[in-house]
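Presented below is the structure to which this report refers.
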Amino acid sequence: NNSGLLGGGRGSGKTAVLDSALRELRETHGSEKVLVVKLNGMLHGDEKVGVREIARQLCAAGDALEFSRAAGFGENVAFMREVLRVLEQGGRAVVFVLEEFDLFAKGGAKSKQTLLYAVLDLLQQAHVQAAVVGVTSRHDAAEMLEKRVRSRFSFRRILLAPPVADVQASAMFRDALRLEETSEEETAAENARTTNTRTSPKPRNEEEEGPKGVSARPGVAAENFGSYAKTFNAALDAAIATPAAREALAKVEALECTPRAVGDLACLVISRMDRDVGLVTARDIAAATQTLLADTYVKSLAGASTLELCLVVAMSRLHRFRRMPRFNFNHVENEMRAMAANDFLGDAGRAKGAVLLRAFENLLTAGACEAPG
C-alpha cells in the first residue's frame, strides 16, 4: 500500500499521465484486477458526500453489492473496509484517485479532513490492497495536511512541468484535429463485415442500431469516411502551412504551449468551421487564435468611466508598488488621493467618497477586482 501526490501546473498533463499509467496497469494485470475510484475536490469535498461516492463506485466491483443512499458516514466507512477486505482476498486492488487534492485538505486544522483520514487509514490495514494518488496544481498541498493525516501520507511526489523545448504547437494542433485514415484493405474488411452482419438473421427482439445509411447500403459510410478523412487531413495540413496560421500558432506556442491550450484552440477551430464545406481553413485558425488570446480583463474595462479607470490604476499601484495582495476600499481611496495630489486627474481627483464607493462597486460587479470568499 502506498500514496503519492501528482503535482504540476494547469494543463501540464497530470490527468493524461495518470490515465495512461492506469491503462497500462490494467493491461498488465487485467482490467478486473484493478478497480479505480475517482473523486474530485470540487464535487466531493464534503466528507459525507465523498464517502458516499466511494461506496457507490465500490458497489460496481460486484453484482451482489447494493448501494444505499441512506447509509451514514460510519456505515459507509465500515462498508469500504469490508469491501476492500473481500477484494484483497480475490487478488484485486483499488486505486483511489483524488482530483483537486488541495480542496480535500483546504482549511487546515479547522477542517478535520475526515475524508482524507478515512481513505489513508485504509492503507494501514494489513488485509487491504490499495493506493491513493492525489492530483493537484498546488505545490504546498502536502503541507496543508493535518497532523494525523500527514502521518499516514507517504509524501511521494511527482512533479510534472509543461513541455517547452521539444513540443511545437503546430504538431499538437495537427494531432488534435487529424482524422484517422483507413487503408483500402481495412475499408474492404469493414465492408465485408458490415455485409455479413446485414445478411445474417437476427432475433425479432433484437433492435438494429446505427445510421440508416449503413443499413440501406453496406459499406457506403466507411468508404465516404475514408475519402473524407484524407480530404480533411490534406486541407488541415495546407491550412497549417499558410503564413497566417503559422503566425497564429506561434503566438499560442509563445504564450502557453500545453495540451490543454492547444486542445481549447482545436475546439474553437471546429466550432468556427463551415459545416457545408467541412474543412478547416487558415481563416478559422487565425480567428480562433484571436478569440483564445483575447484579454478578457481589458474587455471588461471597455465601457468603464474615467473615475473607474483611475481606481483600477490605484489598485494596480497597491498591488505592484505597495506589495499589497489584498486591500480594502479605504486603501484604494487613500491611494487615489495620493495620485490626485501628485498628478492632475481632473474631476476624478476631486470625487467624493460616496462617488468613489459607487465606482468601486461597479468594478466589483464587472469582475475587475474580487472580494475574498
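Restricting the GluC sites (Glu not before Pro) of the stretch 16-114 to loop positions (DSSP other than H, G, I, E, B) with no more than 16 neighbouring Cβ atoms within 10 Å leaves 32, 66.
Filter the trypsin sites (Lys or Arg not before Pro) in the stretch 329-373 to those in DSSP coil with at most 12 other Cβ atoms within 10 Å of their Cβ, and list the result.
352
Given R0 = 45 Å, the distance between the Cβ atoms of residue 26 and residue 246 translates into a calculated FRET efficiency of 0.65.
Expressed in nm to one decimal, what extension gain is obtained for the pair residue 159 and residue 68 from 0.36 nm per residue of sequence separation less their Cα-Cα distance?
Values: separation 91, 0.36 × 91 = 32.76 nm, distance 3.82 nm.
Additional length available on full extension: 28.9 nm.
Once the C-beta distance of residue 300 and residue 238 is scaled by a Förster radius of 45 Å, the resulting FRET efficiency is 0.75 to the nearest 0.05. Amide H contacts of residue 36 (H built 1.01 Å from N, in plane; Pro and chain starts excluded): 95 sit under 5 Å, all sequence-distant by 5 or more or on other chains.
A short reminder: the numbers here are calculations on the coordinates, not readings from a lab. All of these numbers come straight from a predicted model, not from anything done at the bench. Don't worry about glycine lacking a Cβ; one is built from the backbone with ideal geometry, like all the others, and counts go over all protein chains shown.
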